[in-house]
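The values are calculated or read from the model by the stated rules, or taken from the named source; none is laboratory data. As the structure is a computational prediction, the values presented were derived from the model and not from experiment. Note that each Cβ is placed from the backbone with ideal geometry, even for glycine, and that neighbours are counted across all protein chains shown. Surface accessibility is based on the protein's heavy atoms, side chains included, excluding ligands, DNA and RNA. Shrake-Rupley method; radii C 1.70, N 1.55, O 1.52, S 1.80 Å.
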Amino acid sequence: MIRPLPTLLIGVLLALPAPALVIDSLALNSTPPADDPGFDNAGRLGVETGIYLGYGWVITAKHVPLGDVIFNGVTHTLVPGSDIVIAHDFSNDADLRIFQITPWLDRPPLRIRSDPLPDPATNTTDVVMIGFGAHAGDPISVFPPPNQDDGYLWSTVGKTIRWGTNRIKSLLFVSSANTQSFTTEFDQGLPTPHECQAANGDSGGAVFVKNAGNADVWELAGIMFAREQSASQPINSAVYTNRTFAADLSYPDYRDQIVPVVYPACFPDCPPCNDGVDNDGDGFIDAGSDPGCRDPDWFTEAPECDDGVDNDGDGLIDLLDPTCGNAWQVSEAPNSGCGLGAELALIAVPLLYLRRQRQRGPSKTGSR
Ligand SMILES: [Ca+2]
Ligand SMILES: [Ca+2]
Ligand SMILES: [Ca+2]
Ligand SMILES: [Ca+2]
């Protein structure tokens, strides 16, 4: 059987509001997978998808309109004027952009892949894809009989964030989108457990891969921006052999425009006051927001003067305790070096030692 030549449709189809992520296993996949690459980092951005990178930043496709992003039903507001379109070269934009939201999302920041993706001709690279949309709907027949199971119409109900699986098929530059990309292909017979194909609402959705050297580490490798369909299939369908296109975030020119803007130099090994998460669960994240943080290098978000506990038993908690001049102070007890931070305390110990040594020296006069 000769199958019709697929046609790449960018922009026109993606502009349509539509459900997304057709999953061939028909599993709902609307809760995080057991080995979760960052399911809750995916949010609704209008009718499409935005992915929370961390530190207040969201990444999506450039053609997705900017707006507030809804994560697990909670709206995070677009910071006006914060968006940065990622350039492919001096005169062309890639189909990628980042922007800031407020408040920050309390999720561990994602790692963006740094190693080049392996050549799919000689390596198998499985992926987990996450996007916003409905499930696979009715099966359809597109090609001539006897094949009556060629794919699915999109369901019109149950839009939500879902995950699916696939495998990298090719690495290529998509000239019509000026975007360095990789593809997956929707294949029959479940070659991956939840073989999936993107639909319109998946623009801006995530494609995760495992780190080559550490299977415990997931990396954000791509952002979905386009899908393919043949002229003979319905516009609202996913058919076997269709491909999904994702911008390749490991491409150095893209990485270099994103990583220094979003992540502090210490990432991924930052101290609690600069790690992008709410370590003490008080609703505030890191220095500048959590009053327990003296600065980004501070060692805890919950020192004694900001931990909600009456540590010294005097009946007064945190800033109500007169010993606490600042929320970042490490002790509520008045005799423990009030106001001294960890580093200051460490310096103070040798100073006291030297002073005592002097007091014990041959000339005992004049001390104190
Ligand atoms: Ca906090
Ligand atoms: Ca933190
Ligand atoms: Ca306290
Ligand atoms: Ca107290």
Filtered residues of region 237-261 (kept if open to solvent by less than 10 Å² (accessible area, probe 1.4 Å), of a type in the set (Val, Ile, Thr) and within 18 Å of the chain's Cα centre (by Cα)): Ile258
Can you find even one residue in region 268-282 that is among the acidic types (Asp, Glu) and part of a helix (DSSP H, G or I)? no
Matching residues in region 146-170 (surrounded by 14 or more Cβ atoms within 10 Å (Cβ to Cβ) and without any contact (Cβ under 8 Å) to a residue 40 or more places away in the chain) number 1
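So, in region 307-330, how many residues would count as being open to solvent by less than 30 Å² (accessible area, probe 1.4 Å) and either within 15 Å of ligand 1 (Cβ to nearest atom) or touching a helix residue (DSSP H, G or I) at 6+ places or on another chain (Cβ under 6 Å) (or both)?
4
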Here the residues within region 152-176 that are under 30 Å from Phe90 (Cβ atoms) and under 23 Å from the mean Cα position of the chain (by Cα) are Ile168, Leu171
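Taking the options Cys305, Cys293, Cys324, name whichever one is assigned to a helix (DSSP H, G or I) and either among the basic types (Lys, Arg) or modelled with pLDDT of 95 or more (or both).
The match here is Cys305.
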If you go through region 27-41 one residue at a time, do you hit one that is modelled with pLDDT of 95 or more, of a type in the set (A, V, I, L, M, F, W, C) and outside any loop (DSSP other than H, G, I, E, B)? yes
So Gln257 passes all but one of these: (1) more than 10 Å from ligand 1 (Cβ to nearest atom); (2) of a type in the set (S, T, N, Q); (3) outside the structural domain of Thr165 (by TED's automatic domain parsing). Which condition number does it fail? (3)
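Just to be sure, is Phe173 modelled with pLDDT of 95 or more, of a type outside the set (Ser, Thr, Tyr) and crowded, with 22+ Cβ neighbours inside 10 Å? Reasoning before the result, please.
Working: modelled with pLDDT of 95 or more: yes; of a type outside the set (Ser, Thr, Tyr): yes; crowded, with 22+ Cβ neighbours inside 10 Å: no.
The answer is no for Phe173.
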Quick count over region 279-320, residues being closer than 17 Å to Phe267 by Cβ and near ligand 3 (Cβ under 9 Å from one of its atoms), is 0
If the requirement is being under 25 Å from Asp95 (Cβ atoms) and among the basic types (Lys, Arg), which of these qualifies: Arg255, Arg294? Arg255
Would you be able to tell me the number of residues in region 101-129 that are open to solvent by 60 Å² or more (accessible area, probe 1.4 Å), within 21 Å of Phe267 (Cβ to Cβ) and in contact with a strand residue (DSSP E or B) (Cβ under 9 Å, 6 or more places away or on another chain)? 8
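Go through region 272-306 and give me each residue that's more than 13 Å from ligand 1 (Cβ to nearest atom) and surrounded by fewer than 20 Cβ atoms within 10 Å (Cβ to Cβ).
Across region 272-306, the qualifying residues are Asp295, Pro296, Asp297, Phe299.
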Within region 52-76, the residues that are without any contact (Cβ under 8 Å) to a residue 60 or more places away in the chain, part of a strand (DSSP E or B) and open to solvent by less than 60 Å² (accessible area, probe 1.4 Å) are Tyr52, Val58, Val69, Ile70, Phe71, His76
In region 236-252, how many are farther than 26 Å from Ala94 by Cβ and of a type outside the set (Ser, Thr, Tyr)? 2
